[in-house]
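The values are calculated or read from the model by the stated rules, or taken from the named source; none is laboratory data. Remember, it's a predicted structure, so these values are computed and weren't measured experimentally. Glycine gets a Cβ as well: all are built from the backbone with ideal geometry, and neighbour counts include every protein chain shown.
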Amino acid sequence: MSRFLRQEGLVYQNKVEALKIAIIGENQNLKNALQQISEQLGISKFPYPENEADYKIILDKAEYFSESEENNCLRLLFLHDGVKLTDIYDTKGGSPSLIQLPAFAMIGASLALQEVIRRSNCIRRVNIVNKQIKIEYRIDTSGYEGNHSELREFQMAGPDGSFIPFKIMPLEDDSGHIKLVSSLDLSNQDVNEILESTELLDMVQPQQEIQTSVVEFRVPRQTGMVSGSAAIVGSGGLGSWALYAASKGLQNAGCSGAGIELAIFDPDMNVEPHNLNRQILFNQKDLGNPKAPAAAKKIKEILPYSDILFGIQNIGMAELDSIDLKVHNGEEESKIEEIDLGVELSILSPQTINDVFSRSKAIVSCVDNLRTRVILSAISSKVNIPLINAGAAGWSGQLDIIIPPKGCMICRYGEGIARNKKIVSCQEDNEIPVSSIVTSTSIFGAIQGLALLASLSNESDLLQSWPKQLFWGGRSNNISVVPEDSSFPFSTCDTTHEEHQISALQTV
């Protein structure tokens, strides 16, 4: 399976691989981040020598003078409270705090390389969410004595001889024929070779020059101490970047992880090859292993004195029902058991889950369906802690910061999302296939990591000062912000947010 399978529907991969980008300046944090993102995009050679490059990225306040190459140059600039992609003459930047710097570098590197992808016409005009080889047998059953259901007596065999499932479909052409339809597994090498040698060509050439994007990302500056517990649900495209950004920020600020407790939940049993080009915590050695323990191991390497717990499981209605705050309000104090967050368990017990969420300072939602987001929002309302929710697919991304008792996912998006169980994922077993690329997942995962750090800060109500929503569109490479004091799209709950969400979840 191609490592770049999930981004090939968004970009012309051969163009991305051939990009010639030079970097000018000596800011090592930005250099490292650009190198990381370029590798995951599949750029063959990075950086390119300046005199041979088609595009130049100027790092921070490095001096650079050019009159003839403005359209092929952009500056990536640190701010005191963020990062900015701007024109080559703007050097009015700042110095981020140590704890926020790694995440700002990753966000900035992704914005910069996304801008190069835009300017070089690497982006497809339509997203190809899936491509596969179909096999059809047209069957004339006029001489067949059995009925159609008995065609299950036949088996369709793939190139390696293994049986592959098929559907029986009638033909509406008065012939009386039926079709047996199947598709070859993408894990088959011969199928991959055929698919990789085909291309959907766009015969319409761009009619106008792409407008240069000037974009900046800012959040409140964070400098205080950090401690406490948090639950991260999902450790893939978004979750891996959130965990990485937060742990690298702590490491950069001189923290070894002491006083930090993280619980990681993810049901995925396999790290797959196509995960490696947009999920930062995994490498070839992790292929075939469950994501949650692999992610926990990597975070433990970055923060050796942190307490890391993981569960190879979903968070659903049973987990919501298991949370009993009486245990933490003194009514059943004798039943509390000390939890060793370093113990490696595959599936966490209801009591452990109760303890995890009840003592957490935030929930980071990196899941692939709307119903689970509502369940996590209901848990956040129940235990009165912030929900840091994000989604990223294709060329778009979105962040929600919901702080009880001000709102919930139902208030923000309506009751219908509580009944939407469809999995929208880039995994092989998804219900709705989506394309995904590292620029979108790294931006929003890193933002979630920053929000996680803010929730664990001893600076009073730091997360309250954050914007409650952020949106990014990759085709324009633009970030828009919904300020904290704006109204919700939907009306607030008539009852408590917890009751409203649980009621919506119980309505089928």
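Screening I123, I99 for residues that are touching a Ser or Thr at 6+ places or on another chain (Cβ under 8 Å), within 30 Å of A242 (Cα to Cα), modelled with pLDDT of 80 or more and surrounded by 13 or more Cβ atoms within 10 Å (Cβ to Cβ) leaves exactly one candidate, I99.
Can you work out which of the residues in region 170-189 that are modelled with pLDDT of 70 or more and assigned to a loop (DSSP other than H, G, I, E, B) is surrounded by the most Cβ atoms within 10 Å (Cβ to Cβ)? Quick ask: steps written out before the conclusion?
Residues of region 170-189 that are modelled with pLDDT of 70 or more, as a first pass: 170-184.
Applying the additional criterion that residues be assigned to a loop (DSSP other than H, G, I, E, B) yields 171-177, 184.
Details: L171: 12, E172: 6, D173: 7, D174: 6, S175: 11, G176: 11, H177: 13, L184: 18.
In this case the residue turns out to be L184.
If the condition is being at pLDDT 65 or above and either surrounded by 12 or more Cβ atoms within 10 Å (Cβ to Cβ) or of a type in the set (F, W, Y) (or both), then region 481-508 contributes V481, V482, T496, H497, E498, E499, H500, Q501, I502, S503, A504, L505. Could you tell me how many of the residues in region 212-263 are out of contact with any strand residue (DSSP E or B) (no Cβ under 9 Å at 6 or more places or on another chain) and surrounded by 22 or more Cβ atoms within 10 Å (Cβ to Cβ)? Adding up the residues that qualify gives 5. The single condition from (1) out of contact with any Lys or Arg (no Cβ under 7 Å at 6 or more places or on another chain); (2) surrounded by 22 or more Cβ atoms within 10 Å (Cβ to Cβ) that D266 fails is (1).
Pairs meeting the criteria (first residue in region 294-323 and touching a residue at least 60 places away in the same chain (Cβ under 8 Å), second residue in a loop (DSSP other than H, G, I, E, B), beta carbons under 6 Å, at least 6 apart or on different chains) are A295/S235; A295/L281.
Of the residues making up region 13-20, not a single one is more than 16 Å from R118 (Cα to Cα), touching a residue at least 60 places away in the same chain (Cβ under 8 Å), out of contact with any Leu (no Cβ under 7 Å at 6 or more places or on another chain) and not aliphatic (A, V, I, L, M). Taking region 51-72 as the range and being surrounded by fewer than 18 Cβ atoms within 10 Å (Cβ to Cβ) and at pLDDT 90 or above as the test, the residues that pass are E52, D54. Every condition in (1) part of a loop (DSSP other than H, G, I, E, B); (2) modelled with pLDDT of 90 or more holds for F78 except the one numbered (1). Which number in (1) at pLDDT below 90; (2) in a loop (DSSP other than H, G, I, E, B); (3) more than 23 Å from R475 (Cα to Cα) marks the one condition that Q205 misses? For Q205, the exception is condition (3). Assess whether I135 counts as being modelled with pLDDT under 85 and assigned to a strand (DSSP E or B). Against the criterion (modelled with pLDDT under 85 and assigned to a strand (DSSP E or B)), I135 qualifies.
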